[in-house]
Every structure is written in C-alpha cells, then in structure tokens.
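Shown next, in structure tokens, is the structure this report addresses.
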C-alpha cells in the first residue's frame, strides 16, 4: 500500500481526464494518453501544484492495456507473425544498434560512459536504472534520459503517423464483448503480473496480463475485445502516470543533456523509419506497422498507437518486445566489453 497522501494526488486523475477530453475533442491521436500526459505536465510546470502519481495508477493502466493488446492475437495472426520472425528479429536489432547514436552524442557532451550508455538504450526506465546502478551510472540522468525519450516518442509518433501517413487498413475486428471471458482474464492477468513482479521481471503489469490474454485468445480463438472505453481508461491512467515525472526543475536541470537526448531520439527514429522503408519494399508488409514496431518507445504506448490507427497490433507488439529483450539481455555485456576496451 502506498503511503503517498491522498491530498497530493486526488486531482491528478481529474486533470488527466480534462486533458484527455480536450485532446479527444480536437481529434488528436491517442488523445486520452497524450492529453492527460500534457495536462499533468503543464500543471506541474506552470503552477506550484506538484500533482503526484496515482498510487498503482500506471500499473492498473498497463493491466487494462495488456489485456486489450493480448486479445488482438489469434491463431491466424500468430502464424503470420511467426512467418516473419526473421524480419521482426532484424527490425529489433536495427532499433537496438541505432541507439549508439545517442551514446555518441552523450559522450560528446561530457557524460561518463555508463550514464551515456544506459540513458540512451531503448529499454524500460526501471530496468535501465537498475543496470546503470550496477555499472556506476548517474541514476538521475539515466532515469531522466529514459523518461524524456518516451515522452518525445509518445508526443510525436502518433501525430506524425496520423497526419502524414494516415490510418492503416483495419487488421483486427473485435467481436462482441464477452464478459465471462473478461471476468477470467482480468483476475488471472493480475495474478500473473503480481507473480512476475515478485520474480523481479521487467514490466510485469504489462507483460503478465498480455501473456495471459494472448495465450487464452490463441488457444480458444476468442475474437473478442474490451468494452467501449476500456482502452481509453488504460491510456488515461498511463498518461497521467507518465506526466508526473516532469516539472520545471526537470527541464531546467541540464539543458544540454535534454537537447542531446532529444536529438539522439530523433536520429534513432529516423534510422528506424529508413530501415522500415527498406524492409517494407523487400517484404511488401505495411510500412506504417513496420515503422511503428521499430520506434524506440514503450511497448504499451506503441501498441496503443497501432490499435488507434488500425495497424497490425501483434506485429508492432512483437517487434517492440523483441527489441526490449535485445536490450535487457545484451546491454550490460556490451557495455562491459566496451568499458574494458576503453580502459585497456
């Protein structure tokens, strides 16, 4: 149970709701996430009111989103994803390797090796902070770099896709809502998330429900979806949680660091887009889905963007998960090899 006082966070969901509603009224893509995220940041930056994160709010949002993402997986879809396993592997590898651009920029600005490396890797914030702690990085900078990268991708990518590339061809049509299945999936997903968290595995409240939902959907070929508003609730909770990581001090702390992080993120996104263009030309798969799958954002955020823009959610999710696995398993060995070479 969180000890965070109620008075510090009671207004957070209300401000997030207002931001999400306004964004939805102007037709902004991924409105309930982007709108709530921006509303929280604006309040924290422009007023003395430092809204705190809702206790367990972001986890709850990931739980809902994980169930929804998993329901996009069916036997036919998973066969198509597995048929393109090599492409998914290569795309994730390109995204991971392209992060060296950010490392190079950080080193040019005087950051130490560990901080430059782990703040630039496109992995989860918590996981990269933990790896950075084991290797002598400045943890506040690693956390700031990771948060800023996700913020930049969430704010830019949905808008770029919607207004420049347009919507995709609907790849998934959910059947009617089956409350009996949902009554099984949600508690089971929460139980697996809790166990995943106890085992100290990455991103437990997204991966646990997603794994449960996808497995059940594939085995029983469900073709069901969340009720209307379910995805929006997940977006709102995740966006409200993300926004609480930013305030005036964050943006004032190190302008050079922030600038290098944003530039590195932009270059990584450009490399991903160019690689996706080549892969699409070679395989004739949808360019938008490939590009989104290679973006250096969070799995939940990119999968939600795919869902909203009617792209291939399973393909995007598979590429994002593969990229995260690359970073989690290879980042530390690669860094230690690089560190030994630099010291020798």
D_trans [Stokes-Einstein, Kirkwood Rh over alpha-carbon pairs] for the stretch 65-137, 10 °C, 1.306 mPa s, µm² s⁻¹: 108 µm²/s
20 Å cut-off, amide nitrogen to a point 7 angstrom out along residue 221 Cα→Cβ, residues in the stretch 58-79: 70-79
If R₀ is 45 angstrom, what is the calculated FRET efficiency for the pair residue 25 and residue 338, using the beta carbon separation as r and rounding to 0.05? 0.40
At a Förster radius of 30 Å, what calculated FRET efficiency corresponds to the Cβ-Cβ distance of residue 330 and residue 164, to the nearest 0.05? 0.40
Can you pull the Rg over Rh of the stretch 1-87, Cα-only, Kirkwood? 1.15
For the stretch 172-290, state the semi-axes of the equivalent ellipsoid (square roots of 5 times the eigenvalues of the alpha-carbon gyration tensor), sorted largest first and rounded to whole angstrom. 33, 24, 15
Percent RCO, i.e. relative contact order, over the stretch 39-150, from Cα pairs under 8 Å lying at least 6 residues apart: 16 percent
Here the alpha-carbon Rg of the chain over 2.2 N^0.38 Å rounds to 0.96
What order, most packed first, do the peptides 189-201, 312-324, 141-153 have when packing is the mean number of other Cβ atoms within 10 Å of each residue? 312-324, 141-153, 189-201
In nanometres, what is the gap between the two model label sites at residue 211 and residue 18, each 7 Å from Cα along Cα-to-Cβ? 4.1 nm
Given the DSSP H assignment, sum -39500 (n - 2.57) over each helix run of at least 4 residues in the chain and divide by its residue total; what's the result at 222 nm in deg cm²/dmol, nearest 500? -24000 deg cm²/dmol
Hey, fewest Cβ within 10 Å first, where do 26, 103 land in order? 26, 103
Per the Cauchy relation, a quarter of the hull surface: what is the mean projected area of the convex hull of the alpha carbons in the stretch 79-189, in nm²? 11.0 nm²
On the first, second and third principal axes, largest extent first, how far apart are the outermost C-alpha atoms of the stretch 277-344 in Å? 50, 27, 13
If packing is taken as the average count of other Cβ atoms within 10 Å, what order do 39-45, 134-140, 248-254 fall into, highest mean first? 39-45, 134-140, 248-254
Virtual spin-label span in nm between residue 82 and residue 199, 7 Å along Cα→Cβ: 2.1 nm
Where q = 0.10, 0.14, 0.15, 0.17 Å⁻¹, what log10 of I(q)/I(0) comes from the Debye formula for the stretch 4-146, counting one point per Cα? -0.56, -1.02, -1.10, -1.18
Grab the alpha carbons of the stretch 211-264, take their convex hull, and tell me the volume per residue in Å³. 140 Å³
Beyond 27 Å, how much of the Cα-Cα pair distribution for the stretch 211-344 remains, as a whole percent? 38 percent
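Where a number appears in this text, it was derived from the coordinates with a stated rule and is not lab data. Keep in mind it's a predicted model, so treat the numbers as computed, not measured. Because the Cβ atoms are built from the backbone with ideal geometry, glycine has one as well, and the counts that use them run over all protein chains shown.
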